[in-house]
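For reference, the structure discussed in these notes is given below.
The values are calculated or read from the model by the stated rules, or taken from the named source; none is laboratory data. Quick caveat, the model's predicted, so the values are computed rather than measured. Ideal geometry is used to build each Cβ from the backbone, glycine not excepted, and the neighbour counts take in all protein chains shown. Note: areas computed on protein heavy atoms with side chains; ligands, DNA, RNA excluded. Shrake-Rupley method; radii C 1.70, N 1.55, O 1.52, S 1.80 Å.
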Amino acid sequence: PNIIVGSSLPAPLISTVLTVSPSGVQAPGTTLKYSGVFTNTGSSQAYNVSIVDPIPANTDFQIGSVSATLTNTNLTYTMVYSNDANLATSSWSYTPVSGAGSAPANYDRTVTGVKFTFSGSLDFNSPANSGSFSLSVRIR
């Protein structure tokens, strides 16, 4: 994913660790859950962190599968979706629709990315310096 941080000096340092389950080679029709953990290991709080997670090629986004868990009570999140090919210039105004792009029911083939925006401050001390997010897709 791409990470965008608004902050002051000294700089925060946001890292992510991504996993997929099930792992390895999977057959078409398999639902994959992509999960990420983000952590501020810098020396100051991070403000207004955004994480853009592109939807993998040849998969359909599962509607209602997006979630985030926050250990920091000073942080809230919103999520928006894109159906634009270029996520860097996306308007992030798309609303997923069941069956869009000829996807099966409860999936949308036209979603190209999910953007998580975390408002407030992400601390640099554990345990309030991390959170997680996830989404699911189905292999075509």
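Values computed for the structure shown
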| item | result |
| --- | --- |
| Extreme residue, farthest from Arg138 (Cα to Cα), among residues of the range 87-119 that are modelled with pLDDT under 95 and open to solvent by less than 30 Å² (accessible area, probe 1.4 Å) | Phe118 |
| Residue selected from the range 56-66 under the condition exposed (fewer than 14 other Cβ atoms within 10 Å of the Cβ) and small (Gly, Ala, Ser), by the criterion farthest from Thr16 (Cα to Cα) | Gly64 |
| Filtered residues of the range 112-137 (kept if out of contact with any helix residue (DSSP H, G or I) (no Cβ under 8 Å at 6 or more places or on another chain) and either without any contact (Cβ under 8 Å) to a residue 60 or more places away in the chain or farther than 27 Å from Leu70 by Cβ (or both)) | Asn125, Ser126, Pro127, Ala128 |
| Residue among Asp84, Asp53 that alone is surrounded by 13 or more Cβ atoms within 10 Å (Cβ to Cβ), closer than 18 Å to Phe133 by Cα, in contact with a Gly (Cβ under 9 Å, 6 or more places away or on another chain) and among the charged types (D, E, K, R) | Asp53 |
| Answer from Thr39, Thr31 - the residue that is of a type outside the set (A, V, I, L, M), closer than 16 Å to Ile14 by Cα and surrounded by 13 or more Cβ atoms within 10 Å (Cβ to Cβ) | Thr39 |
| Subset tally (residues that are of a type in the set (D, E, K, R) and either surrounded by fewer than 18 Cβ atoms within 10 Å (Cβ to Cβ) or closer than 21 Å to Gln26 by Cα (or both)) for the range 120-140 | 2 |
